[in-house]
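Report on one structure; see the data block that follows.
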Amino acid sequence: MRANRLPTEEIKRDPAAFADRVTSDGRHERTAEAGRFRLVINRACPWAHRVVMTRRLMGLEHAVSLAVTDPVQEIIDGDPHWVFTERTGSPDDKDPVLGIHALREAYLARDPDYDGGVSVPGLVDVPTGHLVSNDYDRLSVDMATEWGDLTREGAPDLYPEVLREEIERISAQIYQDLNNGVYRSGFAPDQKRYDAAVRDVFTRLDALEEHLTGRRYLVGEHLTLADLRLWATLVRFDAAYHGHFKCNRRKLTEYPALWAYARDLYQTPGFGDTTNLEHIRTHYYAVHTAINPTGIVAVGPDPRGWLTPHHREELGGSPFGEGTPPGPVPEGERVPPLAEQG
Ligand SMILES: N[C@@H](CCC(=O)N[C@@H](CS)C(=O)NCC(=O)O)C(=O)O
């Protein structure tokens, strides 16, 4: 997808360009090792956000460092590119660890002939500067299940064996209708495809509203990767998708159960503390000039509602199951206080 060109067909998603797997036993391409890899993200990107949440919930912050790109991509050779700037903590506009300005340099270090898209999240091998994987789904699943002793004591089981089938079933629906449905709506090339996409979005939200009315989490009694997947879209809904992607039949705040569910997670360590609503609004509205040619960033909504009581604990369940919440966000990774994100 080229976000600055007028859409002529339905949004297409290519398979990940690089998908080396990292596991503690090294049975695939790479072996998990503390300090070896750097995770490059953008705070606006929902696909990257899922990996950041997984990393934090699993306590992998000490093992995999984090590099945050500027919310506004830079046009390089006609295409928008993720870049490191002083605004997001990179002195001289270069990532201090990788020494690069644009993420695409890590793709080119891996394959000098690479001419495909460059996306976040990207896991980079620090010693060589090579991109290891931009497969956000696999990165999340592997961090949740394959990093063994590098994960923290008390890390939750986000992908329990017995629930995997159910997690995958609900995840496929959420991907099609919501995670990607909002993009299909926002980048629809014509009325017919917009109508179909936006119908999918709200049909799925209606179904999830019902599903979450009597239960605290999507699957089982505690947080799973399915919740991370849904929440990454919900937290962006009113700030970006409702206006910018024209998903405006209802706001998230008009769904009692979904809005309370979303607030419950926002207030759980790993969720709100990895979210930057200002980056979300700025990125979507400023970068997608094909659908918002002036680049004017919409002002709302007031973010403070995220901190209001949700009463979802009355439904039972516990966020971390047998595990415990993660500790404080490491210095240098903290997002600004919510009131300053408006
Ligand atoms: N690469 C994955 C998902 C990751 C993704 O789409 N990331 C977006 C940001 S939210 C990105 O980096 N897009 C490239 C661009 O905006 O130029 C896919 O397309 O299925």
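The values are calculated or read from the model by the stated rules, or taken from the named source; none is laboratory data. A quick note: this is a predicted structure, and the numbers were derived from the prediction, not measured. For neighbour counting, all protein chains shown are included, and Cβ atoms are generated from backbone atoms with ideal geometry for every residue, glycine included. Heavy atoms of the whole protein, side chains included, go into the accessibility calculation; ligands, DNA and RNA do not. Shrake-Rupley method; radii C 1.70, N 1.55, O 1.52, S 1.80 Å.
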### Query
Which residue pairs have Cβ atoms closer than 8 Å, lie 6 or more positions apart in sequence or on different chains, and pair a first residue in segment 138-150 that is closer than 17 Å to residue 35 by Cα with a second residue that is part of a helix (DSSP H, G or I) and not β-branched (Val, Ile, Thr)?
143/55
### Summary
Filtering segment 13-49 for residues that are within 16 Å of the ligand (Cβ to nearest atom), open to solvent by less than 10 Å² (accessible area, probe 1.4 Å) and of a type in the set (A, V, I, L, M) leaves a count of 5
### Selection status of residue 270, under 17 Å from the mean Cα position of the chain (by Cα), more than 12 Å from residue 341 (Cβ to Cβ) and not in a helix (DSSP H, G or I)
yes
### Task
Scan segment 134-154 residue by residue and report those that are open to solvent by 20 Å² or more (accessible area, probe 1.4 Å) and in a loop (DSSP other than H, G, I, E, B).
135, 146, 151, 152, 153, 154
### Query
With (1) buried (at least 21 other Cβ atoms within 10 Å of the Cβ); (2) within 16 Å of the ligand (Cβ to nearest atom); (3) more than 28 Å from residue 227 (Cβ to Cβ) as the list, and residue 77 as the residue in question, which single condition is left unmet?
(1)
### Task
All but one of (1) within 21 Å of residue 275 (Cα to Cα); (2) open to solvent by 10 Å² or more (accessible area, probe 1.4 Å); (3) within 13 Å of the ligand (Cβ to nearest atom) hold for residue 69, so report the exception by its number.
(2)
### Query
What number of residues in segment 155-201 are among the hydrophobic types (A, V, I, L, M, F, W, C), under 15 Å from residue 249 (Cβ atoms) and surrounded by fewer than 19 Cβ atoms within 10 Å (Cβ to Cβ)?
1
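Here are some residues: 205, 218, 228. Which one is of a type outside the set (Asp, Glu), touching a Phe, Trp or Tyr at 6+ places or on another chain (Cβ under 7 Å) and crowded, with 21+ Cβ neighbours inside 10 Å? It would help to see each step written out before you state the result.
Values: 218 fails: touching a Phe, Trp or Tyr at 6+ places or on another chain (Cβ under 7 Å); 228 fails: touching a Phe, Trp or Tyr at 6+ places or on another chain (Cβ under 7 Å).
Only one candidate qualifies: 205.
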### Task
Return yes when residue 223 is buried (at least 24 other Cβ atoms within 10 Å of the Cβ), touching a residue at least 60 places away in the same chain (Cβ under 8 Å), in the same structural domain as residue 174 (by TED's automatic domain parsing) and not in a helix (DSSP H, G or I) and no when it is not.
yes
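State whether the residues of segment 323-342 include one that is charged (D, E, K, R), at pLDDT 95 or above and either closer than 27 Å to residue 62 by Cβ or assigned to a loop (DSSP other than H, G, I, E, B) (or both). Let's see the steps before the verdict.
We begin by selecting, within segment 323-342, every residue charged (D, E, K, R); these are 331, 333-334, 340.
Narrowing the set further to residues that are at pLDDT 95 or above leaves 333-334.
When the remaining residues are screened for being either closer than 27 Å to residue 62 by Cβ or assigned to a loop (DSSP other than H, G, I, E, B) (or both), the result is 333-334.
Yes; the residues of segment 323-342 include at least one that is charged (D, E, K, R), at pLDDT 95 or above and either closer than 27 Å to residue 62 by Cβ or assigned to a loop (DSSP other than H, G, I, E, B) (or both).
Within segment 155-168, track down each residue that is touching a residue at least 40 places away in the same chain (Cβ under 8 Å) and part of a helix (DSSP H, G or I). Break it down stepwise before answering.
To start, the set of residues in segment 155-168 that are touching a residue at least 40 places away in the same chain (Cβ under 8 Å) comprises 155-160, 163, 166-167.
Matches in segment 155-168: 163, 166, 167.
Yes/no matrix, rows are residues, columns are (1) more than 11 Å from the ligand (Cβ to nearest atom); (2) touching a Pro at 6+ places or on another chain (Cβ under 6 Å); (3) in contact (Cβ under 8 Å) with a residue 24 or more places away in the chain:
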residue: 105; (1), (2), (3): yes, no, yes
residue: 115; (1), (2), (3): yes, no, no
residue: 132; (1), (2), (3): yes, no, yes
residue: 135; (1), (2), (3): no, no, yes
### Query
Which ones in segment 287-342 are open to solvent by 60 Å² or more (accessible area, probe 1.4 Å), at positive phi and under 23 Å from the mean Cα position of the chain (by Cα)?
332
### Message
Looking at (1) assigned to a helix (DSSP H, G or I); (2) small (Gly, Ala, Ser); (3) not assigned by TED's automatic domain parsing to the domain that holds residue 285, which one does residue 171 not meet, given that it meets all the others?
### Response
(3)
### Query
Pick from 124, 52, 97, 64: which is buried (at least 23 other Cβ atoms within 10 Å of the Cβ), more than 17 Å from the chain's Cα centre (by Cα) and more than 12 Å from the ligand (Cβ to nearest atom)?
124
